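J.: Got a structure for you, written out below as structure tokens; questions coming shortly.
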Amino acid sequence: ECAAEFRDAYGNPAKVDTARLEISLEDATTGEATPVTRPAAGEGDGPGCEAPGNLTAPSGAVNATAVAPPGPCLASRANFSFFTANTGIANLRLTLLPPSEAGVQSAGPARGATHVQPLAVFPGMLMPSRTEFSCRPDPARAGEVIQCFITTRGPYNNVAGGASPEDFEVVAGPAFSYVSAVIAKSVGRFTFVAYAQRAGEAEIALRFAGNQWGRNLWFRCPVRVIPGAISMKLSRVSCEPNPAMQGATVECSLQLRDRFANPTPANASALQVGDLVPFARDANGEPLETSAARAVGEEGAPGFSFVAASVGPVDVGL
């Protein structure tokens, strides 16, 4: 609720037509504003004195719109109200329009009479159900750090304070080997990180830890973890048939793994099958003839074949 009192250059009360009053609520940082013409109702004579003006600030920048009263009102005081769901420093700007622009004739100062009143809008009450929770990147590779963000908001979707990092409980699935503590970035804004390790569909869940905000309200963020870079050390070769009859052709394929032992599809990796050199050695260490490496199976895994020319174990690899 606001009131504007009009005075002359000597500080004496002065009546003006509130139909000439232009009010805007602008963001003090960006200067963005929505001007509003004749939004106020005055305490004086005229039909406009009976219609209160309303300023309503939409989402986004701190600004306002209003409904104009139906006619002129000669008054030394004008009353108006505004609503804003935004926080920060705003400038409440009042300007008197000249009669030609306002469409009315009245006494009072000409255009250029402007008053700016700084206004601080603080975060309101926290409403737990309006909390925002997100994590990125998604998808994330195994071995990658995922950063999560928490924003607490009020009933009008404004950023709201009141919570501290200790008020949050984070539950991460087995895909994550490490979750950091929650830290505060600014009023109503928090963050933490998680270390992804196991590939697959995963989830990070969050709730308020204490009874003050309610423990039954969960916020969930699905994250898909994909395999990381191939580790030849952890990858394994399998062959069929095994055991094989002497003289039979044995087909082998490489089961790719990343450094966390996650199965890695060959078609999702940077591995070039043609760069691999297969080998097969009998029990005496003598080399057996093998085919060239080639893509096998639906996923194009590296594979090769050899003929079981001798009896006994065979050492194979790529």
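The values are calculated or read from the model by the stated rules, or taken from the named source; none is laboratory data. Keep in mind the model is a prediction, meaning the values are calculated, not measured. Every residue, glycine as well, gets a Cβ built from its backbone with ideal geometry; the counts of neighbours run over all protein chains shown. Side chains included, ligands, DNA and RNA excluded: accessible areas come from the protein's heavy atoms. Shrake-Rupley method; radii C 1.70, N 1.55, O 1.52, S 1.80 Å.
J.: Filter the stretch 283-299 for residues that are out of contact with any Gly (no Cβ under 9 Å at 6 or more places or on another chain) and under 17 Å from R236 (Cβ atoms) and give the result.
T.: E299 - this is the single residue of the stretch 283-299 that is out of contact with any Gly (no Cβ under 9 Å at 6 or more places or on another chain) and under 17 Å from R236 (Cβ atoms).
J.: Condition test on S238, is it out of contact with any Pro (no Cβ under 8 Å at 6 or more places or on another chain), over 30 Å from E166 (Cα atoms), open to solvent by 30 Å² or more (accessible area, probe 1.4 Å) and outside any loop (DSSP other than H, G, I, E, B)?
T.: Numbers: out of contact with any Pro (no Cβ under 8 Å at 6 or more places or on another chain): yes; over 30 Å from E166 (Cα atoms): yes; open to solvent by 30 Å² or more (accessible area, probe 1.4 Å): yes; outside any loop (DSSP other than H, G, I, E, B): yes.
When the stated conditions are applied, S238 passes them.
J.: Of all the residues that make up the stretch 298-318, how many are surrounded by 11 or more Cβ atoms within 10 Å (Cβ to Cβ) and under 43 Å from the mean Cα position of the chain (by Cα)? Step through it out loud before you land on a result.
T.: Start the filter on the stretch 298-318 by keeping residues that are surrounded by 11 or more Cβ atoms within 10 Å (Cβ to Cβ), which leaves 299-310, 314-318.
From what's left, under 43 Å from the mean Cα position of the chain (by Cα): 299-302.
Count: 4.
J.: With the structure loaded, tell me whether F306 is modelled with pLDDT of 90 or more and under 19 Å from I226 (Cα atoms) or whether it fails that test.
T.: no
J.: Kindly list, by first and then second residue, each pair from a residue in the stretch 251-265 that is touching a residue at least 12 places away in the same chain (Cβ under 8 Å) and open to solvent by less than 50 Å² (accessible area, probe 1.4 Å) to a residue that is acidic (D, E) and in a loop (DSSP other than H, G, I, E, B), limited to pairs with Cβ atoms under 8 Å and residues at least 6 apart or on different chains.
T.: P265/E299
J.: Something else now. Looking at the stretch 289-299 only, could you name the residues that are closer than 14 Å to L318 by Cβ and at pLDDT below 90?
T.: Once the filter is applied, which keeps residues that are closer than 14 Å to L318 by Cβ and at pLDDT below 90, the stretch 289-299 yields A292, A293, R294, A295, V296.
J.: So in the stretch 215-232, with the set limited to residues that are hydrophobic (A, V, I, L, M, F, W, C) and part of a loop (DSSP other than H, G, I, E, B), which one is nearest to F260 (Cα to Cα)?
T.: Looking at residues that are hydrophobic (A, V, I, L, M, F, W, C) and part of a loop (DSSP other than H, G, I, E, B), I get A229.
J.: Could you check the stretch 172-214 and list, in sequence order, the residues that are closer than 13 Å to C148 by Cα, surrounded by 13 or more Cβ atoms within 10 Å (Cβ to Cβ) and among the aliphatic types (A, V, I, L, M)?
T.: Within the stretch 172-214, A172, V179, V182, A184, V193, A194, A196, I204, A205, L206 meet the criteria.
J.: Right, something else. Please enumerate the residues belonging to the stretch 128-140 that are open to solvent by less than 60 Å² (accessible area, probe 1.4 Å) and either over 26 Å from F260 (Cα atoms) or of a type in the set (S, T, Y) (or both).
T.: Passing the criteria: P128, T131, F133, S134.
J.: Further question on the same structure: Is there any pair with a first residue in the stretch 297-318 that is in contact (Cβ under 8 Å) with a residue 40 or more places away in the chain and assigned to a strand (DSSP E or B) and a second that is open to solvent by 70 Å² or more (accessible area, probe 1.4 Å) and β-branched (V, I, T) whose Cβ atoms are under 9 Å apart and which are 6 or more apart or on different chains, and what are they?
T.: S305/T249; F306/T249; V307/T249
J.: Which of the residues spanning the stretch 152-163 are surrounded by fewer than 16 Cβ atoms within 10 Å (Cβ to Cβ) and under 11 Å from F208 (Cβ atoms)?
T.: Hits for the stretch 152-163: nothing passes.
J.: Residue check: is G143 part of a loop (DSSP other than H, G, I, E, B) and either open to solvent by 70 Å² or more (accessible area, probe 1.4 Å) or under 30 Å from D258 (Cα atoms) (or both)?
T.: On the way: part of a loop (DSSP other than H, G, I, E, B): yes; either open to solvent by 70 Å² or more (accessible area, probe 1.4 Å) or under 30 Å from D258 (Cα atoms) (or both): yes.
Yes; evaluated as a whole, the condition is true for this residue.
J.: Applying the selection to the stretch 215-229, what residues are open to solvent by less than 40 Å² (accessible area, probe 1.4 Å) and under 19 Å from the mean Cα position of the chain (by Cα)?
T.: F219, C221, V223, V225
J.: Assigned to a helix (DSSP H, G or I) and free of Cβ contacts under 8 Å to residues at least 60 places away in the same chain: which single residue out of G210, G274 fits that description?
T.: G274
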